[in-house]
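A.B. asks: If you scroll down you'll find the structure; I have some questions about it.
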Amino acid sequence: MFHTRKLLKHTARLLSAFISIIIIWLSVSSASSSNVLARIEYLFYDLRFNLLLSYTKRGESDHNIAIIDIDEDSIVAEGRFPWSRHKIAKLIDKLGAAGVIVTAFDVVFSEAEVNPVEYIGELVDKPLLEKINAQHWQEISHSVDADSNMARILTEQDVVLGFFFQDDEKYRNGQMPPTVFDIPQEWDNKLVVTERPGFTANIPILQDNATGGGFVTMFPDFDGTVRRAPLVIQQGGKLYPSLALSAAMRYLFIDSIEPQIAEVGNVLTVTDIAVSEFPAPTDALGFVRVPYQGKAFTYPYISATDVLNDNVEPGLLEGAVVFVGTSAIGLADLRSTPMGPQYPGVEVHANILGALLSGGFPYQPDWTAGAVFLQLVLIAIFMIIVLPMLGPTSMLVTGTVIISAVFGFNGYAWVLGLDLPVAGAWILTTFLTGAFVADGFLKENASKKMLKGMFDQYVPPAHIDQMMADPGAYTFDGDSKELTVLFADIRSFTTISESLTAKELKRFLNNFFTPITKEIFDQQGTIDKYVGDMVMAFWGAPIDDDNHRNNAILAAINMQVITERLKAEFKEMGLPEANIGVGLNTGPMNVGDMGSSYRRSYTVLGDAVNLGSRLESITKFYGSKILIGEETYDHSSGFVCRFVDRIQVKGKDTAIRVYEPLGQEGKVPQDTLDELADYNTAYQLHLDRKWDEALAAFSALFDRNPLGVYKVYMERLPHLKDHDLPDDWDGTFRHTTK
């Protein structure tokens, strides 16, 4: 059976290592660009964007960026879209009068507007047309031509027109705007920036008279969400700018760009593009991560009809860069983004422009792949080696701590502007934790079945006799009562168990727990359970005990006396010595016969029980044998106790006082009482922030009697001295572990 268990342990490790290799490969391989892992990464990306938005260090822009919205109100007031170029020209003219510096259209004017004079000419008889002066007719035609009117207005303002790139070369409609960078001949076929052969651009008369142009093409990820956007796209040996980049260039009076290039193998990649003092980091294809500033409508939205009808607050658009676009549902320019599924596409351009002018693009550094690989390898090695050595609960805690650390570091990096992958670490940690916990539960199942029969015997005989004498007065139904709970745990039990054979370990535990259990029964306590090397007991149920605090404290003190006596007995038996830590707490608890139809147990539950367990755990921290909570101490009598600390245990916001019982009154030696008085003086010096005097006092105490609690304060005082403490500091120490 031993060999079978050993084989199963190694099988679990080997299988976990194999799956870990697959997860690591998928995490760092480009082959995972459309798999489940990538989908999970997108979910974490979107979640991180929303949760950490208020903490993210984006550039705080002083630039006035606004959106002129062809919204539902504008369509109702001005008529269905597209509007006449006369109305568009009026809109541009009104924006210029309002102080707008650059107007960028998230609209493409790819077809000429029909001239009404020419339309009339097709309807009127030719003899009648011949009677009209041809020059006069041409002047009328030109004066009412919407495209000519808009072109004239374009010459008077800085206007950037949008256009689309197409995937098919056969679609090449309209006139392209001026390029911002001519690709050198020596870069031919090496630059890997996104390339598109076709386009749908504006009619020549409009583009020729505009000051610039930028593409409005969007490239959603495979789940349909816009997380990235290209700043430049190449076509015919030239680089063309996005609408946001072109608007930034017009705003800053820049005619061309000089993209930073890196040579990777036989190809050239763009690393960043700068139009201001804040370079925009790009990926190899020229994409940036869209630096969303918030939910939809974060930027100021002004209805287009308000601009046309002079209903805009004076000065609101002074010195502004505006994007003309639409949030109307019927015009189909709503995008799915990390900030929500109905996000106006025009605001995507506004976010990019804000970061181009003021910084704030999240990006992945060049070392991302290597860092992710190293992180996953270290996680896998650590968990595969360590988890099989732990119990299921410790495995869960360890896995939770690891993934919390990963998410914490990842969130901190995001706040600093770094977009580091996290899905692989989450999947790997979750898988390994789940696998080893399941394996651990399977291995312990047989042991739990054996212990089940043993637990049934731990009911105080005296209590049973009393209840049998008057069965109607007692019930095992659930109840809420004020009780005192005790936890006692053998120190260094793992080391002890590893040094003993199975029979010796059984004899060790039986010889230890028998007198300990008798003492609990003698003090009217109820054994709740034994868990390995730990015994849990409580006072006050099922038999009422008005003196439950004192009885529990006395039991704890006597348990330490018994433990000292057992050391000599164990030595004669060839067994290692035993030491225990005891935690006591009093408070309201739920007590009753709890469980299932297959197995029930008379037990206690509640926050007060959990606190008792925490107090036992931190006895190791203070080097104390017994720790009791303030609710136990305040209402007990007849004992000499040392105030140990004011603490906050993990998971609790309220601080409590913790004490260590030293013995019954009248039975504590005088030198111990003198030492206690000196300790109280030293602690008060620490509260009074007399750090040097307190440290000297605790050091003197430690030299006299090297107790762990003295050492705790000797180590704590220098840290307190180096920190600025609040005026209401009361000495509370927060424990971050259970």
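Here, each number is a calculation from the coordinates, and none is a lab measurement. Source: prediction; values computed, not measured. Counting neighbours? That spans all protein chains shown, and the Cβs are built from the backbone with ideal geometry, glycine included.
A.B. asks: Around Gln235, which amide H atoms from residues at least 5 apart in sequence, or from another chain, sit under 5 Å from its own amide H, with H modelled in the peptide plane?
C.D. replies: Tyr240
A.B. asks: Which one, [x] 28.8; [y] 32.9; [z] 26.1, gives Kirkwood radius over Cα pairs in Å as derived from the coordinates shown?
C.D. replies: [y]
A.B. asks: Separate question: Each residue of the range 189-206 in order: what ³J(HN,Hα) in whole Hz does its phi give by Karplus 6.51 cos²θ - 1.76 cosθ + 1.60, θ = phi - 60°, with x for Gly and Pro?
C.D. replies: For the range 189-206, the Karplus-derived couplings read 6, 10, 6, 9, 4, 3, 10, 9, x, x, 7, 10, 10, 7, 5, x, 4, 7 Hz, x marking Gly and Pro.
A.B. asks: If you don't mind, there's one more thing I want to ask. Which helices count as membrane-span-like in the chain under these terms: full DSSP H, at least 24 Å along the axis by C-alpha, Kyte-Doolittle mean of -0.5 or more?
C.D. replies: 2-28, 368-386, 392-415, 423-455, 502-522, 548-572
A.B. asks: When the helix-only estimate is applied to the chain (DSSP H runs of n ≥ 4, each -39,500 (n - 2.57), divided by the residue count), what is the mean residue ellipticity at 222 nm, nearest 500 deg cm²/dmol? Write down the numbers at each step before the final one.
C.D. replies: Details: 25 runs with 332 residues, N = 738.
Estimated from H runs of four or more residues: -14500 deg cm²/dmol.
A.B. asks: Let me ask you something else. Filter the cross-link list Lys87/Lys170; Lys529/Lys567; Lys506/Lys625; Lys667/Lys690; Lys518/Lys567 down to pairs whose alpha-carbon distance in this structure exceeds 27 Å.
C.D. replies: Where the Cα-Cα span goes over 27 Å, the pairs concerned are Lys87/Lys170; Lys667/Lys690.
A.B. asks: Can you list residues whose amide H is under 5 Å from Val644's amide H, if they're 5+ apart or on another chain and H is modeled 1.01 Å from N?
C.D. replies: Here the answer is Val658, Tyr659, Glu660, since their amide H atoms fall under 5 Å of that of Val644.
A.B. asks: Run the simple label-point estimate for Asp653 and Arg507 please: 7 Å along Cα→C-beta, distance reported in nm.
C.D. replies: Spacing of the two 7 Å Cα→Cβ label points: 5.5 nm.
A.B. asks: Another one. Out of the DSSP beta bridges found with both residues in the range 562-641, what percent are antiparallel (nearest 5)?
C.D. replies: 65
A.B. asks: List, in order, the whole-Hz ³J(HN,Hα) value for each residue of the range 307-321 obtained from phi through the Karplus relation with A = 6.51, B = -1.76, C = 1.60 and θ = phi - 60°; use x for Gly and Pro.
C.D. replies: Here the 3J(HN,Hα) series is 5, 5, 10, 6, 9, 9, 4, x, x, 5, 9, 5, x, 8, 9 Hz.
A.B. asks: Run the quick spin-label model on Val76 and Ser492: label points 7 Å from Cα toward the beta carbon, then report their separation in nm to one decimal.
C.D. replies: 8.2
A.B. asks: Shifting gears a bit: Can you tally the net charge around Ile520? Count Lys and Arg as +1, Asp and Glu as -1, for every other residue whose Cβ sits under 13 Å from the Cβ of Ile520.
C.D. replies: In short, -2.
A.B. asks: Taking the Cα centre of the range 479-658 as the origin and placing charges on Cβ (Lys, Arg +1; Asp, Glu -1), which of Leu605, Gly592, Gly574 is farthest toward the positive end of the dipole?
C.D. replies: Positive-end residue among those listed: Gly574.
A.B. asks: Below 8 Å between Cα atoms, with a sequence gap of 6+, how large is the relative contact order for the range 479-581 in percent? Mind showing how you got there, number by number?
C.D. replies: On the way: 117 pairs, mean separation 37.0, N = 103.
Relative contact order for the range 479-581 comes out at 36 percent.
A.B. asks: Return a whole-number percent for the relative contact order of the chain, with Cα pairs under 8 Å and 6 or more residues apart as the contact set.
C.D. replies: 11 percent.
A.B. asks: Please list 3J(HN,Hα) in residue order for the range 164-180, calculated via the Karplus relation 6.51 cos²θ - 1.76 cosθ + 1.60 where θ = phi - 60°; whole Hz, with x for glycine and proline.
C.D. replies: With coefficients 6.51, -1.76 and 1.60, one gets 10, 8, 10, 7, 10, 5, 5, 9, 9, 10, x, 10, 6, x, x, 6, 10 Hz.
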